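Colleague: Let me begin by handing over the structure; questions about it come next.
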Amino acid sequence: MTTSPPQRLAIVTGVTAGIGLAIARALHADGFALYGVARNADKLAALDLPLHGSEVRDLSVESDVSACLAELDLAGVREAVLVNNAGSLDPIGRFDTIDLAGTRATMLLNGLAPIFVGQTFYRAVLAAPGCTGRIVQITSGAAHRPVAGWTSYCASKAAMWLGTQVMAEEMDQARCQVMALSPGVVETAMQAQIRAESEASMPGVGWFREIAAEGKLASPEVPARYLATLLAGERDGGQTFPHGESVDLFAG
């Protein structure tokens, strides 16, 4: 990080594409300095946004989860936001066909990394006098209901959501708060991956193909605008951060 700390800092995991990139753009436009985390060094280096800091981390690997944000210093930062966006659907398939190694990696990436990267961020907030933190866990409706073919995804998002609720109960709410944000069905590479699946591996794939064909997929800018508006509204006193809640934009 540079020697002059920004007043506002947004840390986004999975920053190089999709929802993560859209959120980074929206928060940067709203005056946040950006700290990007991604697993692909080339894509991170090619990002067309100015970064105040960055890390190359694969958050499906335990050592990278432990190391992520370990050197983060928020001294002088007044408002820090962590957006845990990195995630994966793999492996897709019936529960009696998926492999343990792939499922374990997804459980770490989707389920545990948001909690433990959040833990490191929370400690950095508490260590910086005058700094307040906000943690936004990008989740899914699959955290609350089963989807055939998505054992790994549903289980990992459910684990993250329940862990997030515990975080909300335990953290110092005057210094840091946490929420989950379900962005809805958004046109990203993940949706393209879903539509390419067979009915044997994912029986409900037809619904995803149908809503895409009907133009009903949301743009990544929708959750990005929601988050930027929420944070600006809280700063101005017109909105309250939904601490401990899961906000579902698709349901809205």
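Each value in this text was obtained by applying a stated rule to the coordinates, not by laboratory testing. Every value quoted in this text rests on a predicted model; they were computed, and no experiment measured them. Here the Cβ is made from the backbone with ideal geometry for all residues, glycine too, and neighbour counts use every protein chain on show.
Colleague: Could you work out the Rg to Rh ratio of the range 37-88, with Rh taken as the Kirkwood radius (inverse of the mean 1/r over all Cα pairs)? Present the calculation step by step, with values, prior to reporting the outcome.
Modeller: Values: Rg = 12.0 Å, Rh = 12.5 Å.
That ratio equals 0.96.
Colleague: Assigning unit charges at the beta carbon (Lys, Arg +1; Asp, Glu -1) and nothing else, what dipole magnitude in debye, to the nearest 20, does the chain show about its Cα centre?
Modeller: Numbers: 18 positive and 26 negative charges, 41 e Å.
About 200 debye.
Colleague: Testing the spin-label approximation: label points 7 Å from Cα along Cα→Cβ at ASP90 and ARG123. State their distance in nm.
Modeller: Going from the ASP90 label point to the ARG123 one covers 3.0 nm.
Colleague: What is the set of long-range amide H partners of LEU181 at a cut-off below 5 Å, with H atoms built 1.01 Å from backbone N?
Modeller: GLN137, ILE138, THR139, VAL247
Colleague: Tell me, what is the percent relative contact order of the range 14-132, built from C-alpha pairs under 8 Å that lie six or more residues apart? Each step should come with its number before you reach the end.
Modeller: Values: 148 pairs, mean separation 32.2, N = 119.
It comes to 27 percent, rounded to a whole number.
Colleague: Right, next: Would you calculate, for the chain, the mean residue ellipticity at 222 nm contributed by helices, counting each DSSP H stretch of 4 or more residues as -39,500 (n - 2.57) and dividing by all residues, to the nearest 500? If you can, show how the numbers build up before the last one.
Modeller: Values: 9 runs with 96 residues, N = 252.
When only DSSP H runs of four or more count, the value is -11500 deg cm²/dmol.
Colleague: Starting from the eigenvalues of the Cα gyration tensor, five times each then square-rooted, give me the equivalent ellipsoid semi-axes of the range 58-130, largest first, whole Å. Mind showing how you got there, number by number?
Modeller: Details: eigenvalues 199, 23, 11 Å².
Semi-axes from the Cα gyration tensor: 32, 11, 8 Å.
Colleague: Could you run the Karplus curve 6.51 cos²θ - 1.76 cosθ + 1.60 with θ = phi - 60° over the range 145-161 and give me ³J(HN,Hα) per residue in whole Hz, x for Gly and Pro?
Modeller: In residue order, the calculated couplings are 8, x, 10, 4, x, 10, 3, 5, 5, 4, 5, 6, 5, 5, 4, 4, 5 Hz.
Colleague: Also, quick follow-up: What length, rounded to one decimal in nm, is gained on full extension from LEU51 through to ALA67, with 0.36 nm per residue of separation minus their alpha-carbon distance? If you can, show how the numbers build up before the last one.
Modeller: Working: separation 16, 0.36 × 16 = 5.76 nm, distance 1.91 nm.
Contour length minus Cα-Cα distance gives 3.8 nm.
Colleague: Mind sorting TRP150, TRP207 by how few other Cβ atoms lie within 10 Å of their own Cβ, fewest first? The partial results should precede the final answer.
Modeller: Details: TRP150 23, TRP207 13.
Ranked by crowding around the Cβ, least crowded first: TRP207, TRP150.
Colleague: State the three equivalent ellipsoid semi-axes of the range 24-181, derived from the C-alpha gyration tensor as the square roots of 5 times its eigenvalues, in descending order and whole Å. Kindly include the intermediate steps, with their values, before the conclusion.
Modeller: On the way: eigenvalues 154, 70, 37 Å².
Working through the eigenvalues yields semi-axes of 28, 19, 14 Å.
Colleague: Then there is this: What are the residues whose amide H is under 5 Å from the amide H of LEU82, where those residues sit 5 or more places off or on another chain and H is modelled from the backbone?
Modeller: The answer is ILE11, ARG134, ILE135, VAL136.
Colleague: So if I restrict to the alpha-carbon atoms in the range 99-252, what is the Rg, and what is Dmax, the biggest pairwise distance, in Å?
Modeller: Cα radius of gyration and Dmax of the range 99-252 are 17.0, 54 Å respectively.
Colleague: Given the options MET171, VAL117, GLY102, identify the residue whose Cα lies farthest towards the positive end of the charge dipole of the chain (+1 on Cβ of Lys, Arg; -1 on Cβ of Asp, Glu).
Modeller: Looking along the dipole axis, the top candidate is MET171.
Colleague: Also, quick follow-up: How large is ³J(HN,Hα), in whole Hz, for each residue of the range 42-55 in order, when computed from phi with the Karplus curve 6.51 cos²θ - 1.76 cosθ + 1.60 and θ = phi - 60°, using x for Gly and Pro?
Modeller: 5, 5, 5, 5, 8, 4, 8, 10, x, 10, 6, x, 7, 9
Colleague: Quote the FRET efficiency, to the nearest 0.05, computed for GLU210 versus THR97 with a Förster distance R0 of 41 Å and r equal to the Cβ-Cβ distance. All intermediate terms of the calculation are to be shown ahead of the outcome.
Modeller: Numbers: r = 25 Å, r/R0 = 0.61.
For R0 = 41 Å, the calculated efficiency reads 0.95.
Colleague: Cα centroids of the range 60-117 and the range 232-250: how far apart, whole angstrom?
Modeller: When both Cα centres are located, 23 Å separates them.
Colleague: State the answer as a single residue: which of GLY206, VAL185, GLY233 lies farthest towards the positive end of the charge dipole of the range 8-248, with beta carbon charges of +1 for Lys and Arg and -1 for Asp and Glu, about the Cα centre.
Modeller: Checking the options against the dipole of the range 8-248, the answer is GLY233.
Colleague: Related question: Under a plain spin-label model, where a point goes 7 Å from the Cα along Cα-to-Cβ, how far apart in nm are SER219 and GLN239?
Modeller: The answer from the label model is 1.7 nm.
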